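A short worksheet on the structure shown next.
The values are calculated or read from the model by the stated rules, or taken from the named source; none is laboratory data. What you are looking at is a predicted structure, and each value in this text was computed from that prediction instead of being measured. For neighbour counting, all protein chains shown are included, and Cβ atoms are generated from backbone atoms with ideal geometry for every residue, glycine included. Protein only, heavy atoms only, side chains kept; ligands, DNA and RNA dropped before computing areas. Shrake-Rupley method; radii C 1.70, N 1.55, O 1.52, S 1.80 Å.
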Amino acid sequence: MSTSPYLTLNVVDLTHETDDCVTIHLERADRQPIASQPGQFLTLIVPCEAGKRPARRSYSLSSTPHETPRLSVTVKRVPGGLVSNYLLDNVQVGQQLEVMAPMGNFTVQPNAAAARSLVLIGAGSGVTPLMSILKAVLHEEPQSQVLLVYGNRNEDSVIFKTQLQALEQQYAGRFQVEHVYSQPLGSGGAHQFKGRLNRTMLLRILEQRHALPPAQAEYYMCGPEGMMAEARAALDLLGVPAERIHRESFVASADSAEAAAGQPEGHGTVTADDDDAISARTVTIQYEGTDYQIEVRPDQTILEAALDQDIDLPYSCQAGLCTACRGKCHSGKVHLDEREGLSDSELKQGYVLVCVGHPLTNDVVIEID
Ligand SMILES: Cc1cc2nc3c(=O)[nH]c(=O)nc-3n(C[C@H](O)[C@H](O)[C@H](O)COP(=O)(O)OP(=O)(O)OC[C@H]3O[C@@H](n4cnc5c(N)ncnc54)[C@H](O)[C@@H]3O)c2cc1C
Ligand code: FES
């Protein structure tokens, strides 16, 4: 029996982190805990525009499981953005918000016996899931070390400033923040660097501040695509194995679609190549024990066609990032506009994201997780 992924939560507090960023603290009315893992995200379902389907957006948890029953998300204003502006301008203590339960794979599994070194690399609102991860590790792994390299424009744009300072004091010797400011207001300090958080800067910081050989640490990064590409280049130069590098994207990158090739037999084909024309097709969706036949127009994704036919599929970012809409393609051929959310192994097994998926043949059958 499947349980509903939807929850109605009360806004119990707000923390204004910076001029354009607020943390929204949420709890169930009965204050029962909600299962989550550090680094996961919530999907907020927000009725921003009258007469339209409520908008959904993903927001990483800045809270961590030991703060239960509270779940917190931290929203930064995106100029011209629908939901971030709506939330920053309208959300109030006492109101209710509909959400989908926490999900996502950008997580750590804390282990009290672990003695590891985590390097977290973030910029702007990308610090949010890193906050969740660092609080969990510091709280639950007394022998582990955490270094946060955090890029911002200046001291005033630092999200969680007070909380980070308090954690540095509480976990002195185990937790350090290295700030990188592109346009600092002050003249600097012991743990401040001036410039952009690019590969040269990261190599400099790791050389100065990180005691272990770089390949022995675990790396979690979240921020703008350019920063993550630079960080990845620095870690490659240091010889860090790919399996020690974890990344979360908030926005789709224009060029991240890559072809998946060589899928074994037994399921459909998933491709990001453009050589097959997209035209109107019939798709079978298997969801919660029912088979739905849907017509997908060339200008629609499979998710959009399903929603137009009132099939209540799970989804969140609608950009191929969060995997809320993941399904397995059992037959036929599907084109993905974006594949950031899926690993190479998932693509090879025939997994698809219906929010960015278009059928290329008439025999597509997709089972939604
Ligand atoms: C897994 C995941 C976790 C996320 N966690 C957080 C979080 O913790 N905090 C947070 O503030 N946001 C987070 N986001 C981003 C968030 O979901 C929204 O995309 C963001 O708030 C913008 O939504 P909007 O409706 O205001 O803008 P939209 O109306 O959707 O977009 C307006 C324009 O802004 C661009 N845009 C969208 N997002 C960004 C961005 N982050 N930076 C720059 N330009 C952007 C869009 O491409 C578009 O051109 C996360 C996204 C994902 C996929
Ligand atoms: S809804 Fe996020 S990947 Fe499809």
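Couple of notes before you dig in:
- Check on ALA50, open to solvent by 30 Å² or more (accessible area, probe 1.4 Å), among the aliphatic types (A, V, I, L, M) and at pLDDT below 95: yes
- Qualifying residue in the stretch 306-320 (condition: acidic (Asp, Glu), touching a residue at least 60 places away in the same chain (Cβ under 8 Å), within 15 Å of ligand 2 (Cβ to nearest atom) and closer than 22 Å to ALA55 by Cβ): no
- Residue match in the stretch 343-350 (condition: aliphatic (A, V, I, L, M) and either more than 24 Å from the chain's Cα centre (by Cα) or more than 24 Å from GLU248 (Cα to Cα) (or both)): no
- A Cβ distance below 8 Å, combined with a sequence gap of six or more or placement on separate chains, defines the contacts here; from the stretch 244-261, residues that are outside the structural domain of VAL334 (by TED's automatic domain parsing) reach residues that are at pLDDT below 75 and exposed (fewer than 15 other Cβ atoms within 10 Å of the Cβ) in the pairs ALA259/ASP273.
- Looking across the stretch 302-345 at every residue that is more than 16 Å from ligand 1 (Cβ to nearest atom), open to solvent by less than 30 Å² (accessible area, probe 1.4 Å) and assigned to a helix (DSSP H, G or I), the one that is farthest from VAL365 (Cα to Cα) is identified as LEU307.
- Single match in THR269, THR290 (criterion: on the phi < 0 side of the Ramachandran plot, loosely packed, with under 13 Cβ neighbours inside 10 Å and either at pLDDT 90 or above or more than 16 Å from ligand 2 (Cβ to nearest atom) (or both)): THR290
- The listed residues are THR107, THR74, THR64, and the only one of them that is under 17 Å from ILE159 (Cβ atoms), more than 10 Å from ligand 1 (Cβ to nearest atom) and in contact with a helix residue (DSSP H, G or I) (Cβ under 9 Å, 6 or more places away or on another chain) turns out to be THR64.
- Considering each residue of the stretch 120-134 in turn, none proves to be more than 22 Å from the chain's Cα centre (by Cα) and open to solvent by less than 50 Å² (accessible area, probe 1.4 Å).
- Positions within the stretch 347-369 being of a type outside the set (Val, Ile, Thr) and either within 16 Å of ligand 1 (Cβ to nearest atom) or in contact with an Asp or Glu (Cβ under 7 Å, 6 or more places away or on another chain) (or both), in sequence order: LEU353, CYS355, LEU360
- 3 or more residues modelled with pLDDT of 95 or more, within 24 Å of LEU235 (Cα to Cα) and not assigned by TED's automatic domain parsing to the domain that holds GLU67: qualifying strands (runs of 3 or more DSSP E) within the stretch 83-177: 117-123, 145-152
- Residue that is least open to solvent (accessible area, probe 1.4 Å) [pool: residues in the stretch 53-81 that are away from ligand 2 (no atom under 16 Å from the Cβ) and closer than 24 Å to GLU304 by Cβ]: GLY81
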